[in-house]
Amino acid sequence: MRATRVPIVAVITSSVLVGATAGATSAAIDDAISYTSAPDRVAVFLNNVAYARDEVGLPGGVDVKIVLPQTVYPDTLVLRENGERVSNYRLNWSTGQPTIKWQSATDSDLRDISMEYLLGGVSWRPTYDMWVGADSDETVGLDYFAEITDSSLELRDVETQLVAGMVDLSRPIAPAAELSANQKLAGFAEADMLAVSAPVGQVDIQHTYDVGLLTAEPGDTIYSQLVGQELPARRLHLWNAQTDQQVTVIYKVKNESDQPFSEGVVRNYQDGLFIGSDFIELTPVGGEGSVTIGHLQDVRVKREQTQAAIDMGRFDYRYETTLTIENFTETTVHMDVVDYLPPHAEELQASIEPQLEPGNLMRWPISVEPGDEMTVTYEYLVD
């Protein structure tokens with residue numbers, strides 16, 4: 001089974017003559033061409049790995065020496081001359097810089113060389129700024145930036161893609177690494193005896209962003225805006241009585257941009273002030289992402305539970321829980337109160353019937369008027 005690669009479709013060929021350069025360093029040394037690889041297309045992953053492609057025209061009839069980036073993963077190199085895979089080349093690290101050499105297979109005046117490889121030292125991460133206004137709970141402003149960190153590679157007008165995914169380079173390739181269940185079904189008998197593992201370079205991709213031409217030097221951090229617009233939102237109030245002692249404020253933000261939102265940190269601002277950070281999940285176009293912006297300071301909540309021994313057939317204990325909500329604001333507070341039943345609870349009785357959801361979750365959608373207090377009680381039996 002052939003592994004799927006990130007699609008790199010543009011082809012840029014630079015003609016480089018002996019003693020001249022065209023966007024890259026090239027020189028004739030003792031009837032050999034020396035060239036320093038300068039990628040014309042890169043795809044940057046989240047985990048400090050990038051895929052690079054470099055296509056260049058070099059004079060024919062002489063040997064070739066190409067200097068690769070210091071952080072290259074040499075076993076990922078794919079080298080072609082005039083469209084054909086170079087079948088015999090040498091990799092040398094004696095100068096501290098990885099260098100490949102091979103004898104040319106053509107006597108033509110010009111040959112097309114292409115290189116593809118993975119390298120470290122280039123990464124990116126999604127960052128968000130969300131702007132919440134006091135006047136409306138129905139929209140938020142959202143700025144989505146890509147933070148690109150380059151610690152190893154000089155880039156000059158390089159076509160760049162950002163991949164919301166990671167490349168797994170941690171596991172060695174075993175002879176049976178790429179055996180699949182389908183191969184087994186097709187009659188590969190040895191598959192029963194061999195462990196199946198993912199090959200080096202396995203990629204988990206959520207989405208790919210095109211950011212155009214990028215120029216950077218080692219040590220640079222570049223910020224590129226992917227989304228910047230107002231989006232529809234719903235403000236929700238939630239009290240998880242099992243774990244929290246405050247009412248949480250959550251915005252459900254609908255992604256009406258033309259880009260999915262990758263997982264990342266969101267910095268929240270209200271009325272021009274920074275009010276904290278949260279995390280947004282992967283949100284496709286048309287979906288809703290959840291962002292917590294803080295708590296209701298003027299709404300107090302309390303959970304109290306009592307246990308009593310009983311003698312009721314197979315039941316030994318009765319648990320009674322009281323949930324209290326006090327609204328000290330000047331407006332009605334609409335909120336969801338949630339709590340959980342133990343796995344073995346039975347005979348549930350409640351002052352307000354809850355919505356029962358998977359995982360033994362109980363939910364009460366309630367409204368508390370200004371200055372009012374509301375109490376929800378429930379009890380259950382356990383053996």
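A single entry from Gln270, Gln259 fulfils the requirement of being under 25 Å from the mean Cα position of the chain (by Cα) and farther than 22 Å from Arg363 by Cβ: Gln259. Looking only at the range 193-207, decide whether some residue is at pLDDT 95 or above and touching a Lys or Arg at 6+ places or on another chain (Cβ under 7 Å). No, because not a single residue in the range 193-207 is at pLDDT 95 or above and touching a Lys or Arg at 6+ places or on another chain (Cβ under 7 Å). Within the range 347-359, not a single residue is surrounded by 14 or more Cβ atoms within 10 Å (Cβ to Cβ) and touching a residue at least 60 places away in the same chain (Cβ under 8 Å).
On inspection, Arg125 qualifies as under 26 Å from Phe45 (Cα atoms), surrounded by 14 or more Cβ atoms within 10 Å (Cβ to Cβ) and charged (D, E, K, R). Name the single residue that is nearest to Leu77 (Cα to Cα) among those in the range 92-111 being hydroxyl-bearing (Ser, Thr, Tyr) and modelled with pLDDT under 85. Once the filter is applied, the top-ranked residue is Ser104. For the range 322-343, residues that are assigned to a strand (DSSP E or B) and buried (at least 18 other Cβ atoms within 10 Å of the Cβ) total 8. What number of residues within the range 281-318 satisfy the criterion of being touching a Pro at 6+ places or on another chain (Cβ under 7 Å), of a type outside the set (S, T, N, Q) and assigned to a strand (DSSP E or B)? The total comes to 0. Being touching a strand residue (DSSP E or B) at 6+ places or on another chain (Cβ under 6 Å), surrounded by 17 or more Cβ atoms within 10 Å (Cβ to Cβ) and not assigned by TED's automatic domain parsing to the domain that holds Val211 is a condition met by at least one residue of the range 84-94.
A count restricted to the range 133-150 and to residues that are within 26 Å of Val122 (Cβ to Cβ) and either at pLDDT below 95 or of a type in the set (D, E, K, R) (or both) stands at 3. Taken together, Ile325, Ile310, Ile275 contain a single residue that is of a type in the set (A, V, I, L, M, F, W, C) and under 22 Å from Ser367 (Cα atoms), which is Ile325.
Of the strands (runs of 3 or more DSSP E) lying entirely inside the range 58-132, those containing at least 3 residues that are over 30 Å from Tyr144 (Cβ atoms) are 63-67, 72-81, 90-92, 99-102, 110-120.
Mind listing just one residue for me: the one in the range 249-280 that is acidic (Asp, Glu) and in a loop (DSSP other than H, G, I, E, B) and, of those, surrounded by the most Cβ atoms within 10 Å (Cβ to Cβ)?
The selected residue is Glu263.
When the range 356-382 is examined, which residues are found to be within 18 Å of Glu320 (Cβ to Cβ) and of a type in the set (D, E, K, R)? Across the range 356-382, the qualifying residue is only Glu379.
The number of residues in the range 32-84 that are more than 12 Å from Met115 (Cα to Cα) and among the polar types (S, T, N, Q) comes to 5.
The values are calculated or read from the model by the stated rules, or taken from the named source; none is laboratory data. These numbers come from a predicted model, not from an experiment. Don't worry about glycine lacking a Cβ; one is built from the backbone with ideal geometry, like all the others, and counts go over all protein chains shown.
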